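Notes to accompany the following structure.
Derivation of every value follows stated rules applied to the coordinates shown; laboratory data play no part. These numbers were taken from a predicted model, which means no experiment stands behind them. Note: ideal-geometry Cβ built from the backbone for every residue, glycine included; neighbour counts use all protein chains shown.
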Amino acid sequence: MAMASVKPSIRQFSACLGCVRRTASGNGAPRRLLSSSAAAREELQTHHPTPPPPPPPAAATSAPMKDEASSKRTPEYMQKWGDLDPNLVEWKRDERRLVRREGVQPVGSRRRRAVLRRSTMRQTEQIPFEQLPYQCFQEARKFLLEDRQEKLTEIETQTLRIKNLMAQDPAVSGGALAKEARLRSMRNHLHGLIILADINDPVVKKKFEDGQGDMNKPIYRYLADQKWRKYKRLVLEQRISQLNIVPDLLPALDPIADADLAFGRKKVSPGEFVDSAISEKMPRLSVQTFEQGEKLVTVVVVDADVPVPDKDSFTYRCHFIASNVPISPSQTSIPLQRIDQEDKKTENEAARKIAVPWLPPWAHKGAPYHRLAVFVLEQSEAKALDVLDIKKTKRNSFILRSFVDSHKLKPIGVALFRTKWDESMAGVMERAGLKDQVDVEFKRKRVEPLPYKRRTERMR
């Protein structure tokens, strides 16, 4: 079901001018909270967080041993970075160091981590977000709750109308096609009401910014889709246009899913050059869908710049095909290496998912760069494809258009990267069984000038 266009009837609150804090004074005086009600101040004074339980003695004895073991494996210059807590790092430099040394991503948004770090340093009391002692904030929440109740009433009314229409005879509705069109329109309107019921809720926005939103709920899928379309999708469309993926590989492409590509820990931006030693192993793919339900997809990797010296032209080559891979809004990871290991343990070939194994991207010396596209193709009605039939696909002269049409697939996402000849390419080609191609080198032909140009050059 396509995402319905939503026009909020209430202006979204981006900032509250009345809820302003004064910075702490130089003598260490406490901050004065403006626009705070008496009830909220009393609640703030009486609220005391419960102290955390003491850690077990076993963990205390084993912690020094773990620290010593980790310090031996960590280089000395990385140990000088100090303690990096995923919940408290707020600087970009510390975030990069955390990912590089610990291999852990920071938790939540930078705003959330900055607030937690400052509250930890000052040892201030933790107040739930819904109970912040600001009168303007609390009054705004009351107004939003009243609007939400109105939307919930409209949702109940619309749900009842849909049930009545489904039970109605198609002849009364003007035929089966007219009934289906009306049901589709009513469901889209119901979906819009569900979004509007929570679009202005500050708690929902806070959870989404902190990365704690449940993607099984429509509001978080809608917010994630809007965030993706504002930047990442625009960059992807620009790269598709610049690299001529359309119409070289497909006649048209409308991405509706966010596909992120990574080789190990290296994340690949759309159209980025990837070293051949890094791309020798299968990538890691993450596909975030914004539609409800589970899908079965096929992953295809195509090289769009395979030179054909005899014809002085280019053709295509298939590097990888995996089918019947399940994804959903909450299940985004496609671990291709794990799928490959599971296929090797599976004796039944029809139950395997990888039809064409991974071939490392390679390019001849002197040839222009190669464009490689990783397509995510949705299978029709989530029906499983015959892997044995797909195994008959030839790598060379692979036409993606014919493959999509013959198997009734729909492109929903794409990731792009490029490769060219580098220092590691010869070794990669030998390990891939392409020794006869290592010594092949492309050189530009000398174009002889026309006779009148030769005369002009001599006169100069």
The answer for the per residue Cα convex hull volume of region 135-213, in Å³, is 92 Å³
Mind listing the phi-derived Karplus ³J(HN,Hα) values for region 279-287, rounded to whole Hz, using 6.51, -1.76 and 1.60 with θ = phi - 60°, and x for any glycine or proline?
-> 7, 5, 9, 5, x, 10, 10, 10, 10
With a 10 Å Cβ neighbour count serving as the proxy for reagent exposure, in which order, fewest first, do Phe375, Phe442 appear?
-> Phe442, Phe375
Within the under-12-Å Cβ sphere about Glu154, not counting Glu154, Lys/Arg +1 and Asp/Glu -1 give a net charge of 0
Distance check, please: which entries in Lys295/Lys353; Lys232/Lys267; Lys230/Lys267; Lys163/Lys408; Lys344/Lys392 exceed 25 angstrom between their Cα atoms?
-> Lys163/Lys408
Once phi is turned into ³J(HN,Hα) by the Karplus curve 6.51 cos²θ - 1.76 cosθ + 1.60 with θ = phi - 60°, what whole-Hz value does each residue of region 226-240 show in order, with x for glycine and proline?
-> 5, 5, 5, 6, 6, 9, 4, 5, 5, 5, 5, 5, 5, 5, 4
Check cross-link reach from Lys443 to the lysines: straight Cα distance under 19 Å, and skip same-chain residues fewer than eight apart.
-> Lys311, Lys365, Lys420
Using only alpha carbons, build the gyration tensor for region 205-292 and give me the equivalent ellipsoid semi-axes, biggest first, whole Å.
-> 26, 18, 11
Overall Cα dimensions of region 244-437, principal axis frame, Å, largest first = 47, 38, 33
Separation in nanometres of the label points that stand 7 Å from Cα toward Cβ, at Arg338 and Arg117 | 3.2 nm
FRET efficiency, 1/(1 + (r/R0)^6) with R0 60 Å, evaluated for Ala176 and Arg73 via beta carbons = 0.35
For 187-199, 162-174, ranked highest to lowest by mean beta-carbon neighbours within 10 Å, the order is 187-199, 162-174
What is the local net charge at Leu243, summed over the other residues whose Cβ is closer than 13 Å to its Cβ (Lys, Arg +1; Asp, Glu -1)?
-> -2
